[in-house]
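Report on the structure given below.
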Amino acid sequence: MSSTKIRGRGAQFNPANRFEKLSLEEFKPDEMDYFTEPEEEKKIPTQFFRDDSKSVIAKNDSYDVGFEYSFNPYRGCEHGCVYCYARPSHEFLGFSAGTDFESKIMIKKDAPKLLEAEFNKKSYKPDFIMFSGNTDCYQPIERQLEITRETLKVCLKYRNPVSIITKNALIERDIDILKEMADLGLVSVCLSVTTLDKDLARKMEPRTSSPERRLQVIKKFADAKIPVGVNIAPVIPGLNDEEIPAVLKEASVRGALFAGHIMLRLPYAVKDLFLQWLKTEFPDREKKVINKIKEMRGGKLNESEFGTRFSGKGELAETIHSLFELSCKKYGLNREKTVLRKDLFKKVNNQLEMF
């Protein structure tokens with residue numbers, strides 16, 4: 001492994017892929033603008049590939065996730081969060097969970113049309129859709145493609161409820177649509193704030209909006225009467241767990257109504273990526289953090305068991321959960337549950353719009 005650090009990326013290498021590689025088609029000339037020219041100090045340019053999936057709604061059957069439908073306009077995420085549990089999913093595409101995950105992004109250009117077709121199916125039962133269940137729907141390329149924005153328009157048109165979680169202040173761009181949805185009880189927004197330490201955030205989440213910008217979004221949305229909350233995910237014991245009260249306080253001051261938290265998960269290749277990152281960025285804390293993770297995971301670095309995979313177990317996990325609950329109570333979070341309306345859903349006769 002090279003000792004030269006790759007700037008602007010969370011992962012620093014590509015671990016071996018568990019699956020057979022896929023062949024990818026060449027870009028058409030009119031799609032070359034989906035490539036982002038790298039900044040001078042970056043060594044790996046971001047490439048974008050067209051995803052011709054015929055469906056954009058993923059149905060979830062895991063009882064501990066909290067939602068049934070999720071919408072993912074992009075596969076892979078340029079934010080580059082080193083701890084991202086979604087990284088292994090990139091291996092199914094023939095890519096690596098490492099630098100490929102954040103530099104080779106699949107885009108679903110037809111997502112709005114596909115979702116509209118889904119809504120018009122007789123079998124579709126109205127329910128809230130999570131934007132996004134896997135990767136961030138407001139990652140940098142969304143500024144140009146506006147796939148998420150156009151899909152939100154579809155949800156508003158059909159009156160289908162939506163929950164959004166993001167680390168990117170770009171969501172401010174769509175406040176006009178989200179305000180209209182909020183007035184109908186169709187949307188809730190959650191900003192993921194992992195730390196208030198700008199330097200730590202830049203190391204863990206190199207291409208996300210700064211913590212302060214995310215807090216500014218919370219205030220802007222709260223002022224607009226859009227239900228908004230904060231999510232501390234992941235909680236990394238020995239690294240950011242002590243910040244839980246401070247993050248919740250700052251979010252509450254800016255108008256957040258609700259809060260959540262998820263313990264660090266290290267499935268498959270994420271484990272090796274995170275451990276290498278930890279050794280490089282925090283050699284003085286490496287052993288402490290690893291030991292605390294194992295303490296919450298029954299002596300292992302990861303566990304996939306439903307019910308505990310997001311929360312961990314043991315005395316340390318219980319202490320962190322108690323700190324979270326007490327802080328929420330202190331700062332007035334989670335007093336009431338935001339319930340989105342499903343009774344307003346209406347199918348639209350698109351045949352009339354063709355003439």
### Task
State whether one or more residues within the range 161-169 are over 24 Å from F48 (Cα atoms) and more than 15 Å from the chain's Cα centre (by Cα).
yes
### Selection status of V187, within 17 Å of the chain's Cα centre (by Cα), more than 30 Å from N14 (Cα to Cα) and of a type outside the set (S, T, N, Q)
yes
### Query
Looking only at residues in the range 143-155 that are over 17 Å from D343 (Cα atoms) and modelled with pLDDT of 95 or more, which one is nearest to the chain's Cα centre (by Cα)?
T148
## Note on the structure
Among residues of the range 145-161 being without any contact (Cβ under 8 Å) to a residue 40 or more places away in the chain and either of a type in the set (S, T, Y) or under 19 Å from A224 (Cα atoms) (or both), the residue surrounded by the most Cβ atoms within 10 Å (Cβ to Cβ) is L152
### Among (1) under 20 Å from K220 (Cα atoms); (2) in a helix (DSSP H, G or I) - the single one S163 does not satisfy
(2)
#### Entry: Sole residue being small (G, A, S), surrounded by fewer than 16 Cβ atoms within 10 Å (Cβ to Cβ) and farther than 25 Å from I165 by Cα, chosen from G307, G299
G299
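When you look at F92, is it out of contact with any Leu (no Cβ under 6 Å at 6 or more places or on another chain), modelled with pLDDT of 70 or more, crowded, with 20+ Cβ neighbours inside 10 Å and not charged (D, E, K, R), yes or no? Don't jump to the end; show me each part of the working.
Details: out of contact with any Leu (no Cβ under 6 Å at 6 or more places or on another chain): yes; modelled with pLDDT of 70 or more: yes; crowded, with 20+ Cβ neighbours inside 10 Å: no; not charged (D, E, K, R): yes.
The answer is no for F92.
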### Task
Kindly check whether there is at least one residue in the range 103-122 that is at pLDDT below 95 and within 15 Å of the chain's Cα centre (by Cα).
yes
### Query
Pick from the range 33-72 the residues that are among the hydrophobic types (A, V, I, L, M, F, W, C), part of a loop (DSSP other than H, G, I, E, B) and under 23 Å from R9 (Cβ atoms): which of them is modelled with the highest pLDDT?
I44
#### Entry: T135 vs. criteria out of contact with any Gly (no Cβ under 9 Å at 6 or more places or on another chain) and polar (S, T, N, Q)
no
### Task
Determine, yes or no, whether S192 is closer than 25 Å to L275 by Cα, surrounded by fewer than 20 Cβ atoms within 10 Å (Cβ to Cβ) and among the hydroxyl-bearing types (S, T, Y).
no
### Task
Please name all residue pairs, on different chains or six or more residues apart, with Cβ atoms under 6 Å, provided the first residue is in the range 103-114 and is within 16 Å of R143 (Cα to Cα) and the second residue is aromatic (F, W, Y) and in a strand (DSSP E or B).
I105/F48; I105/Y74; M106/F49; I107/F48; I107/Y74
### Task
With the checklist (1) within 19 Å of the chain's Cα centre (by Cα); (2) buried (at least 20 other Cβ atoms within 10 Å of the Cβ); (3) not β-branched (V, I, T) in hand, flag the one item N134 doesn't pass.
(2)
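The values are calculated or read from the model by the stated rules, or taken from the named source; none is laboratory data. As the structure is a prediction and not an experimental result, all values here were calculated from the model. Because the Cβ atoms are built from the backbone with ideal geometry, glycine has one as well, and the counts that use them run over all protein chains shown.
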